[in-house]
Amino acid sequence: MTHDHPDHDHHHDNELDPFAARVKALETILVEKGLIDPAAIDAIVDTYEHKVGPRNGARVVAKAWSDPEFAEWLKRDATAAIASLGYMGRQGEHMQAVFNTEDTHNLVVCTLCSCYPWTVLGVPPVWYKAPPYRSQAVINPRGVLAEFGLILPEDTRIRVWDSTAELRYMVVPTRPVETEGLGEDELARLVTRDAMIGTGLPLMPGSREPGAVWPPEAGNGAAS
Amino acid sequence: MSRPEPSAAAGPDAGAADTPFRLPVGSGPDAPVFAEPWQAQAFALAVALHQRGVFTWSEWAAELSRQVARPNAAQDGSDYYQHWLAAIEALLSQKGVTGSEMIDAVSHAWQRAAHATPHGQPILLENDPERA
């Protein structure tokens with residue numbers, strides 16, 4: 001849709017979507033009551049749109065792959081280990097890191113709403129919050145993983161972790177093969193958001209193609 | 001903790017149990033997390049109100065769960081931030097901060113102000129023609 005209407009000079013009023021108007025109304029009321037500061041709202045939006053995201057979690061995973069002591073700490077007390085890298089939960093939630101192994105694959109869901117480790121993964125994707133994922137991840141995890149193009153061997157055990165407001169999970173995938181010479185920054189580039197939810201695997205080195213095919217119709221995946 | 005099947009009372013709405021999971025089109029790793037600016041602002045409002053101590057995060061999660069479990073929730077999750085907004089309103093009402101009548105009134109004032117504002121100019125509540 002274009003905003004240029006050269007053929008007529010019809011006057012266009014602004015229209016506010018009803019939901020946008022309700023959010024503006026809430027802001028107006030809450031600012032008047034002194035309960036929120038508009039600048040703080042802008043700062044939170046900026047943080048979650050631009051500063052907090054899966055890159056944080058990727059650094060955590062890359063460090064765990066590179067530093068066995070950190071990996072042990074992450075296993076024992078993920079909240080503290082993650083905070084040591086500067087990523088703190090604002091809702092006072094605890095973190096637990098669940099490690100994939102040769103025979104066990106972990107998958108994270110929130111069946112009740114959308115609890116998600118924001119500080120390491122940012123804001124959850126739409127599908128994570130949709131009813132079918134929230135129910136099917138528990139009932140039919142293999143079917144859900146197949147939808148992501150991730151087919152695991154029959155004898156791989158799948159553990160499903162149900163997040164809550166107080167305890168949120170992140171998956172630490174297994175380190176891809178042939179990555180011995182890579183530093184933490186290079187390793188972090190292999191760690192995708194989906195690998196830390198458990199709906200994907202890390203990328204293979206030298207490729208943007210993940211071990212499991214993601215995205216299914218990957219077109220312009222130039223090697224980085 | 002491998003979780004058993006969620007009970008009807010605690011899990012997502014019953015209809016979802018039969019709906020196979022399909023990855024929505026355009027939902028790759030780089031998809032924007034907020035579809036529209038108001039969603040980001042609604043997200044931030046809940047975070048700010050929690051920081052301010054208006055509600056605890058457990059209260060928030062419980063209310064959001066109630067909202068998203070409504071039987072008419074969209075299967076693709078596209079109405080998620082509508083539920084988010086409803087959860088904020090419900091908690092503000094429960095806490096005696098403000099009620100839906102007040103929110104309705106101010107939101108209509110914003111819509112009138114938007115309508116009275118020429119295209120390209122910032123929308124200000126002062127532009128509401130019915131403003132006293």
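Summary table
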read-out: All positions within region B:91-132 that are under 17 Å from A:ALA20 (Cα atoms) and aliphatic (A, V, I, L, M); value: B:MET102, B:ILE103, B:ALA105, B:VAL106, B:ALA109, B:ALA113, B:ALA114, B:ALA116, B:ILE123, B:LEU124, B:LEU125
read-out: Any pair with Cβ under 7 angstrom, 6 or more apart, that starts in region B:97-126 at a residue that is more than 8 Å from chain A (Cβ to nearest Cβ) and ends at one that is surrounded by 11 or more Cβ atoms within 10 Å (Cβ to Cβ) and hydroxyl-bearing (Ser, Thr, Tyr); value: B:GLY99/B:SER93; B:SER100/B:SER93
read-out: Checklist (1) closer than 17 Å to A:PRO131 by Cβ; (2) facing chain A (nearest Cβ under 10 Å); (3) assigned to a loop (DSSP other than H, G, I, E, B) applied to B:ASN72, failing item; value: (2)
read-out: Condition broken by B:PHE55, with the remaining ones in (1) surrounded by fewer than 22 Cβ atoms within 10 Å (Cβ to Cβ); (2) in a helix (DSSP H, G or I); (3) in contact (Cβ under 8 Å) with a residue 40 or more places away in the chain satisfied; value: (2)
read-out: Among the residues listed as A:LEU16, A:LEU30, A:LEU26, the single one being touching a Lys or Arg at 6+ places or on another chain (Cβ under 8 Å) and surrounded by 14 or more Cβ atoms within 10 Å (Cβ to Cβ); value: A:LEU16
read-out: Unique match (being closer than 18 Å to A:ASP103 by Cα, modelled with pLDDT under 95 and charged (D, E, K, R)) among A:GLU154, A:GLU217; value: A:GLU154
read-out: Number of positions in region A:46-65 that are over 16 Å from the mean Cα position of the chain (by Cα) and surrounded by fewer than 19 Cβ atoms within 10 Å (Cβ to Cβ); value: 1
read-out: Some residue of region B:83-92 being facing chain A (nearest Cβ under 7 Å), in contact with a Phe, Trp or Tyr (Cβ under 8 Å, 6 or more places away or on another chain) and of a type in the set (A, V, I, L, M, F, W, C); value: yes
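Residue-wise test of (1) modelled with pLDDT under 95; (2) at negative phi; (3) in a helix (DSSP H, G or I); (4) of a type in the set (Asp, Glu).
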| residue | (1), (2), (3), (4) |
| --- | --- |
| A:ALA62 | no, yes, yes, no |
| A:TRP65 | no, yes, yes, no |
| A:GLU72 | no, yes, yes, yes |
| A:ALA81 | no, yes, yes, no |
| A:LEU107 | no, yes, no, no |
| A:CYS113 | yes, yes, no, no |
| A:THR119 | yes, yes, yes, no |
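The values are calculated or read from the model by the stated rules, or taken from the named source; none is laboratory data. Small disclaimer: the values here were computed from a predicted structure and weren't measured. Positions of Cβ are generated from backbone atoms using ideal geometry, with glycine treated the same way; all protein chains shown enter the neighbour counts.
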